[in-house]
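The values are calculated or read from the model by the stated rules, or taken from the named source; none is laboratory data. If you're wondering where the values come from, they're calculated on a predicted model, not measured in any experiment. Cβ atoms come from the backbone with ideal geometry, glycine included; neighbour counts cover every protein chain shown.
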Amino acid sequence: MSEINGGEEDWDLLRSFFPANWEELAQSTNAMKGLRQDKSVADCLRVLLLHVGCGLSLRETVARARTAGLADLSDVALLKRLRKSQDWLYQLCMALFAERGMLGRALDKQSFRLLDGTEVKEPGTTGSLWRIHYSLRWPELQCDYFKVTPNEGEGNGECLQQFPMTAGDYAIADRGYSHASGIHSVTRQKAFITVRLNPHGIRLQTQTGEPFPLLERLKPIQTTGKMAAWNILIPFGTEVPVAARLCVIRKTKAAITLAVKKLRRKSSKHGTQLQPETLVYAEYVMVLTTFPEAEFPTAQVLECYRLRWQVELVFKRFKQIAQLGHLPKHDPVSAKAWLYGKLFVALLTEKLIQEARAFSPWGFTIRTVGEPQ
């Protein structure tokens, strides 16, 4: 099979899927500032997408751009252009979100935000790690927020504070987000959170302020599929404790065996000793929630938490289809620009797929082709 040349794709058709103000965004973000050659906004973005979307190296990109008559520039000049386009690529992504009506809008009670993060790495043994913080909306399965940060450093870790909330949001996250500070942050914004409990990373209190006896409460739950729930408090510093529920269900024997095996393998790899309580916790799925009990009984909370795996499928799609598994850049500005470019390509792909499903057999609306942009 011959390799696809991104420079020969139907550019007019692809442009019809761009945000309506994509050219204006180039000017307002100063992406074109200081460029002495190739003042065409369209050619500028086309060359960038050759590099980012097609996974070409800088040298290969400029060679193909020169052959296609798009631009005559060096690989160094292309890198500088990519750096200047960081804000532009970011705004293009946000514009696609806005088209879907997902910005500045509260989610109703039938919708959820599935929160997670993933790492991408620069090439080489010493390559820097970056983190993409991502929010997926259910049931639409569409991204409503993302953020790119270094993987290390204060304020860059995996925490609920990375995600802006709107009053009435219903968010779901994995155990990596099980921190009292994040739960308090969500509550202050009048939103609701369901998060997998990390019993070693958060303090729980009874309604009277005493330490919650988790192991003691778990002992009677010995039947597969049996559920239980308790009202608890989550303290944090001098703030008023957040009222929440702890919802628990016992795993199947097969799931328990698999979880214990994984824990033992991890313990052996890192040379640590498993604590007895850790093996007990592995027998249950434990979820903290601030969802209103009247609308979300225990069984429904646990069912809602199962939706979270959808966001992992999104990351898998990004890494396999959009090739978002490594980061071939070595400075913060170009790295972020490259990541935003990749996300723009992924969002465009989703938009193209949705259009293709709606319009058969050619997969696009005829009136969009050839119309002025």
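Counting only helices (runs of 4 or more DSSP H) that fall entirely inside region 236-354 and contain at least 1 residues that are touching a Pro at 6+ places or on another chain (Cβ under 8 Å) and either at pLDDT below 90 or closer than 30 Å to residue 215 by Cα (or both), the qualifying elements are 276-281.
Applying the condition of being charged (D, E, K, R) and part of a helix (DSSP H, G or I) to region 79-101 and asking which residue is surrounded by the fewest Cβ atoms within 10 Å (Cβ to Cβ) yields 99. When you check residue 229 against the structure, is it assigned by TED's automatic domain parsing to the domain that holds residue 112, buried (at least 16 other Cβ atoms within 10 Å of the Cβ), in contact (Cβ under 8 Å) with a residue 60 or more places away in the chain and within 22 Å of residue 296 (Cα to Cα), yes or no? Yes: the conditions hold for residue 229.
So that you can scan it fast, the table gives a plain yes or no per residue for (1) at pLDDT 75 or above; (2) among the small types (Gly, Ala, Ser); (3) touching a helix residue (DSSP H, G or I) at 6+ places or on another chain (Cβ under 7 Å):
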{"site": "117", "(1), (2), (3)": "yes, yes, no"}
{"site": "131", "(1), (2), (3)": "yes, no, no"}
{"site": "136", "(1), (2), (3)": "yes, no, yes"}
{"site": "144", "(1), (2), (3)": "yes, no, yes"}
{"site": "157", "(1), (2), (3)": "yes, yes, no"}
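Put simply, of 232, 249, 256 the only residue that is touching a Lys or Arg at 6+ places or on another chain (Cβ under 8 Å), β-branched (Val, Ile, Thr) and over 20 Å from residue 181 (Cα atoms) is 249. The residue of region 355-373 that is farthest from residue 10 (Cα to Cα), among those that are polar (S, T, N, Q) and at pLDDT below 50, is 360.
When residues in region 175-195 are screened for being touching a Leu at 6+ places or on another chain (Cβ under 8 Å) and either aromatic (Phe, Trp, Tyr) or in a loop (DSSP other than H, G, I, E, B) (or both), 3 of them pass.
For region 42-78, the set of residues classified as surrounded by fewer than 16 Cβ atoms within 10 Å (Cβ to Cβ) and assigned to a helix (DSSP H, G or I) consists of 59, 60, 63, 66, 67, 75, 76, listed by residue number.
Is one or more of the residues making up region 238-249 surrounded by 10 or more Cβ atoms within 10 Å (Cβ to Cβ), over 29 Å from the mean Cα position of the chain (by Cα) and among the hydroxyl-bearing types (Ser, Thr, Tyr)? Checking region 238-249: not a single residue is surrounded by 10 or more Cβ atoms within 10 Å (Cβ to Cβ), over 29 Å from the mean Cα position of the chain (by Cα) and among the hydroxyl-bearing types (Ser, Thr, Tyr). What's the total number of residues in region 177-198 that are buried (at least 20 other Cβ atoms within 10 Å of the Cβ) and in contact (Cβ under 8 Å) with a residue 60 or more places away in the chain? Result for region 177-198: 10.
Of the residues examined, residue 215 is not one that is farther than 30 Å from residue 113 by Cα, in the same structural domain as residue 177 (by TED's automatic domain parsing) and not in a helix (DSSP H, G or I).
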